[in-house]
Amino acid sequence: MEESQNQNSVANLNQVKDSIAKAFAKFNLRQKNVSVVVVSKTRSSHEIEPLLRSNHLIFGENKVQEAKQKWLPLREKYKNIELHLIGHLQTNKIKDAVSVFDVIETLDNEKLAIALKEELVAQNKIAMPLFIQVNIGEEKQKSGILPRETSDFVKFCTKELSLNIVGLMCIPPANELSSPFFLLMQKIAKSNKIKYLSMGMSNDYINGALMGASHVRIGTAIFGERGIA
Ligand SMILES: *Cc1c(COP(=O)(O)O)cnc(C)c1O
């Protein structure tokens, strides 16, 4: 039972990649390189390892403590893992976040940027690739920089702090068509000369990919439904 589920995650990942390729082919578009960030929050090492053994190396976690416990041992065993922080980062967790993650996708305010810079310098990791989270639907309950403030925030991070801003990330409003938000993300990235876009989850990753995502973040479509965490 356990084993067949594990094999499923690898098959599911291949199916996700295949669906992306087919969508590009269907519209006669040349496929861009789309990285699948496998979202392993709430999943055990046991569930994750078949993917690592199949040589998938890019994963996302939303909690610093959980990631630390799970991934420090996995890193001993598997090399070249690329771990993305995709959840909100609190200032008091920066130290652990910088030591555990390879990419932080949720930079979303000036205070955090300043504290992050300090910690990156302290840990000699100033070149760490960072994404700015954009609150693309301007929702009160979501974190992220507002679309109209993104340009100034990018300048602040790159010019004032010399942070390595490589991408923008968003979680569009639930229960709305995500494509218009993805298109707006593409426009904001282009006008700020930002290379990567992290957008699209299990229910809308094909749209994300078609609208210019370089990274899609997928949990459920690979591991199945999460229990109530
Ligand atoms: C959980 C999570 C995902 C993955 O969502 P699924 O619907 O399980 O694919 C993607 N991005 C973020 C920020 C998440 O917290």
With point charges of +1 on the Cβ of Lys and Arg and -1 on the Cβ of Asp and Glu, referenced to the Cα centre of the chain, which listed residue (Leu74, Gln90, Ile20) lies farthest in the positive direction of the dipole? Ile20
Count of Lys pairs (Cα-Cα under 15 Å; at least 8 positions apart or interchain) in the stretch 1-97: 12
Quick check: at a probe of 1.4 Å, how many percent of the accessible area of the stretch 1-117 sits on carbon and sulfur atoms? 47 percent
How do 99-109, 41-51, 116-126 rank on mean C-beta neighbours within 10 Å, highest first? 99-109, 41-51, 116-126
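With the other protein chains left in place, how much accessible area per residue, in square angstrom, belongs to the stretch 9-139 at a 1.4 angstrom probe? Walk me through the intermediate numbers first.
On the way: 6370 Å² over 131 residues.
Heavy-atom SASA per residue in the stretch 9-139 reads 49 Å².
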Ignoring ligands and nucleic acids, Val39 exposes an accessible area, probe 1.4 Å, in Å² to the nearest 10, of 10 Å²
State whether the chain is rounded, prolate or oblate according to the following rule on the C-alpha gyration tensor (a ≥ b ≥ c being the square roots of its eigenvalues): a/c under 1.5 gives rounded; otherwise a/b larger than b/c gives prolate, and the remaining case gives oblate. oblate
Under 5 Å, built H, 5+ apart or other chain: amide partners of Ile132: Gly167, Leu168, Met169
Between Asn109 and residues 5 or more places away or on another chain, which pairs have amide H atoms under 5 Å apart, with H built 1.01 Å from N, and which residues are they? none
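With an 8 Å cut-off on Cα pairs and a minimum separation of 6 or more residues, tell me the relative contact order of the stretch 1-70 in percent. It would help to have the intermediate numbers written out before the result.
Values: 38 pairs, mean separation 23.3, N = 70.
Across the stretch 1-70, relative contact order equals 33 percent.
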How big is the dipole moment of the stretch 150-229 about its Cα centre under a simple scheme where the beta carbon of each Lys and Arg is +1, that of each Asp and Glu is -1, and everything else is neutral? Debye, nearest 20, please. 340 debye
Heads up, I need the accessible area for Leu184: 1.4 angstrom probe, whole protein in place, Å², nearest 10. 60 Å²
Cα lying deepest toward the dipole's positive end in the stretch 106-204, options Thr158, Leu116, Ser178, charges on Cβ: Thr158
Computed ³J(HN,Hα) along the stretch 78-90: with the Karplus parameters 6.51/-1.76/1.60, θ = phi - 60°, integer Hz and x for glycine or proline, the list is 10, 9, 6, 5, 10, 9, 9, 8, 10, x, 4, 9, 8
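Rounded, prolate or oblate: which fits the stretch 33-120, taking a ≥ b ≥ c as square roots of the Cα gyration tensor eigenvalues, rounded meaning a/c under 1.5, else prolate when a/b beats b/c? Can you show the working numbers first?
Details: a/c = 2.14, a/b = 1.80, b/c = 1.19.
Verdict is prolate for the stretch 33-120.
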Area accessible to solvent at Phe153, 1.4 Å probe radius, in Å²: 10 Å²
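Suppose every Lys and Arg Cβ carries +1 and every Asp and Glu Cβ carries -1, with no other charges. What dipole size does the stretch 1-158 come out with about its Cα centre, to the nearest 20 debye?
Details: 23 positive and 20 negative charges, 64 e Å.
Rounded to the nearest 20 debye, it is 300 debye.
The values are calculated or read from the model by the stated rules, or taken from the named source; none is laboratory data. Please read all numbers here as calculations on a predicted model, not as lab measurements. Because the Cβ atoms are built from the backbone with ideal geometry, glycine has one as well, and the counts that use them run over all protein chains shown. Note: areas computed on protein heavy atoms with side chains; ligands, DNA, RNA excluded. Shrake-Rupley method; radii C 1.70, N 1.55, O 1.52, S 1.80 Å.
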